[in-house]
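*Asks:* One structure is given below, represented as structure tokens, and several questions about it will come after.
The values are calculated or read from the model by the stated rules, or taken from the named source; none is laboratory data. A quick note: this is a predicted structure, and the numbers were derived from the prediction, not measured. A quick note on method: Cβ atoms are made from the backbone with ideal geometry, for glycine too, and the neighbour counts reach across all protein chains shown.
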Amino acid sequence: MLGFGSKSGKSSGSSQGGQRRRSKSRIDDRIDGDLYRADESRLGPEDKERMVFNPGKSLKSSSKDVPFYLRNTALNSFAFFVLGYLAVYFPGKIASAVLASLSNRGPVIFYHKILFTNITGWESSDAISIFSAPLVVNFIQFVLYLALFQWTKQREGPYRTFAFWLFLHSMMRAFGSVLPGVAAFEEFGYLAGWLYLNSSMVFGLSMLSAGILFFLSAIWVLFALETAYSKHLVYKGQRLKYLHFFVGLPVLAGSLFIGLLHLLSVDFFLRGSGTMPRLGDSMHEMIYLAEFVIVYVAMMMFLPFYREKEFIIVRDLRMLKPQRAWILAAIALALSFRVFLDKGWFW
């Protein structure tokens, strides 16, 4: 009796256990089926989008979408490159215009330079203060925007990328002003002339300026990797490609876009008549934009130093889509900037 009862108990227990396992299996199958049936799924579009980057079991489901995210990153970065250029351009020119107005020089701010209606009776002190003001303002911008980037680096939203390009543009204006100024004889070129710097001193300052840009790029490449909005974009084998799309393509596209704006004839654009501007008049700005090549090449050279570094990325899946409002704002503001300053802003 005891043996029969024990055997019956085991059989009954195993039967109940089998039913529970089969029931649990059916539940699991039903849940798994719900996850993969689009029509019957209990997940909303936002939940499914999050699953692309956090699938839980495997990362293979996100690898198909990475090229699209890289493309969108390039589009967004292009917009912030252009907006950063506009935001950093004005303060230095306005500082020069304010000091020039105090000296009754009649400053006029154009889209590519600042000129003066009164060019007689220049004094050394006035000239040095007027032409050194942009360098001081740009350095202050660099410090402020770098602090802003450090603050936004751990936050979601587009301001992290915008702050990155703001401090990069201000850094280029502050430390990379020697070569454009000397080549175009504007801004730093005027300052060097009034300081009576000889050619060897100017050459040494040019090399120093390029060296500063080159070695600071070892830090900027780290910041560029930390600006990513998904860890999948900065995997160890993905980082060079990410740098191409986050820095390389936006710099190329943004520089070409700004160059085309400088070649735009506003009179022809608005009235259907007029002459094309000379690109040589914008030599300072074109050389300034070309200096980004130094930074970009240096970033690629310093990238292997961060090959094994792990990054803790603050995710924001919204930034992996084209930021249409920012892109349209960049194009509209750039066109407005070009049209408004075509005839000059008189002070």
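*Asks:* Does the stretch 186-202 hold any residues that are part of a helix (DSSP H, G or I) and touching a helix residue (DSSP H, G or I) at 6+ places or on another chain (Cβ under 9 Å), and which are they?
*Replies:* From the stretch 186-202, those part of a helix (DSSP H, G or I) are 188-194, 199-202; that's our starting set.
Passing the criteria: 188, 189, 190, 191, 192, 193, 194, 201, 202.
*Asks:* Filter the stretch 211-242 for residues that are in a helix (DSSP H, G or I) and without any contact (Cβ under 8 Å) to a residue 24 or more places away in the chain and give the result.
*Replies:* Our first condition is that a residue be in a helix (DSSP H, G or I); within the stretch 211-242, this holds for 211-226, 231-234, 239-242.
If the condition is that a residue be in a helix (DSSP H, G or I) and without any contact (Cβ under 8 Å) to a residue 24 or more places away in the chain, then 211, 219 are the ones that fit.
*Asks:* More than 17 Å from the chain's Cα centre (by Cα), in the same structural domain as residue 295 (by TED's automatic domain parsing) and of a type in the set (Phe, Trp, Tyr) - does that describe any residue in the stretch 174-186?
*Replies:* Filtering the stretch 174-186 for residues more than 17 Å from the chain's Cα centre (by Cα) gives 174-186.
Imposing the further condition that a residue be in the same structural domain as residue 295 (by TED's automatic domain parsing) reduces the set to 174-186.
If we keep only those that are of a type in the set (Phe, Trp, Tyr) too, we end up with 175, 185.
Scanning the stretch 174-186 turns up at least one residue that is more than 17 Å from the chain's Cα centre (by Cα), in the same structural domain as residue 295 (by TED's automatic domain parsing) and of a type in the set (Phe, Trp, Tyr).
*Asks:* Exactly one of (1) closer than 22 Å to residue 89 by Cβ; (2) under 18 Å from the mean Cα position of the chain (by Cα); (3) surrounded by 14 or more Cβ atoms within 10 Å (Cβ to Cβ); (4) at pLDDT 90 or above is unmet by residue 147. Its number?
*Replies:* (3)
Each row is one residue, and each column tells you yes or no for (1) modelled with pLDDT of 50 or more; (2) in a helix (DSSP H, G or I).
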{"residue": "40", "(1), (2)": "no, no"}
{"residue": "52", "(1), (2)": "no, yes"}
{"residue": "55", "(1), (2)": "no, no"}
{"residue": "62", "(1), (2)": "yes, yes"}
{"residue": "79", "(1), (2)": "yes, yes"}
{"residue": "96", "(1), (2)": "yes, yes"}
{"residue": "118", "(1), (2)": "yes, no"}
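*Asks:* Restricting to the stretch 250-268, count the residues that are surrounded by fewer than 19 Cβ atoms within 10 Å (Cβ to Cβ) and within 13 Å of the chain's Cα centre (by Cα).
*Replies:* 2
*Asks:* Mind counting the residues in the stretch 118-146 that are of a type in the set (S, T, N, Q) and over 14 Å from residue 99 (Cα atoms)? Let's see the steps before the verdict.
*Replies:* Taking the stretch 118-146 as the starting set, the residues that turn out to be of a type in the set (S, T, N, Q) are 118, 120, 124-125, 129, 132, 138, 141.
Okay, now just the ones that are also over 14 Å from residue 99 (Cα atoms), so 120, 138, 141.
Number satisfying all stated conditions: 3.
*Asks:* I've got another one for you. If you go through the stretch 138-166 one residue at a time, how many are of a type in the set (A, V, I, L, M) and touching a Ser or Thr at 6+ places or on another chain (Cβ under 9 Å)?
*Replies:* Residues of the stretch 138-166 of a type in the set (A, V, I, L, M): 140, 143-144, 146-148, 163, 166.
Next cut, touching a Ser or Thr at 6+ places or on another chain (Cβ under 9 Å) only: 140, 143-144, 146, 163.
Residues in the stretch 138-166 being of a type in the set (A, V, I, L, M) and touching a Ser or Thr at 6+ places or on another chain (Cβ under 9 Å): 5 in total.
*Asks:* Further question on the same structure: For residue 140, all conditions in the list (1) under 26 Å from residue 290 (Cα atoms); (2) out of contact with any helix residue (DSSP H, G or I) (no Cβ under 8 Å at 6 or more places or on another chain); (3) at pLDDT below 90 hold save one; what is the number of the exception?
*Replies:* In the conditions (1) under 26 Å from residue 290 (Cα atoms); (2) out of contact with any helix residue (DSSP H, G or I) (no Cβ under 8 Å at 6 or more places or on another chain); (3) at pLDDT below 90, residue 140 misses (3) alone.
*Asks:* I'd like to check something: does the stretch 155-162 contain any residue that is within 16 Å of the chain's Cα centre (by Cα) and farther than 20 Å from residue 82 by Cβ?
*Replies:* Residues of the stretch 155-162 that are within 16 Å of the chain's Cα centre (by Cα), as a first pass: 155-162.
Keeping just the survivors that are farther than 20 Å from residue 82 by Cβ gives 155-156.
Yes; the residues of the stretch 155-162 include at least one that is within 16 Å of the chain's Cα centre (by Cα) and farther than 20 Å from residue 82 by Cβ.
*Asks:* To continue, here is another question. Counting just the residues of the stretch 98-116 that are assigned to a helix (DSSP H, G or I) and of a type outside the set (S, T, N, Q), which one comes out surrounded by the most Cβ atoms within 10 Å (Cβ to Cβ)? Before you say what the answer is, go through the steps one by one.
*Replies:* Taking the stretch 98-116 first, the residues assigned to a helix (DSSP H, G or I) are 98-102.
Narrowing further to those that are of a type outside the set (S, T, N, Q): 98-100, 102.
Numbers: 98: 13, 99: 17, 100: 25, 102: 11.
In this case the residue turns out to be 100.
*Asks:* Output the residues belonging to the stretch 310-338 that are within 10 Å of residue 76 (Cβ to Cβ) and in a loop (DSSP other than H, G, I, E, B).
*Replies:* If the condition is that a residue be within 10 Å of residue 76 (Cβ to Cβ) and in a loop (DSSP other than H, G, I, E, B), then 321, 322, 323 are the ones that fit.
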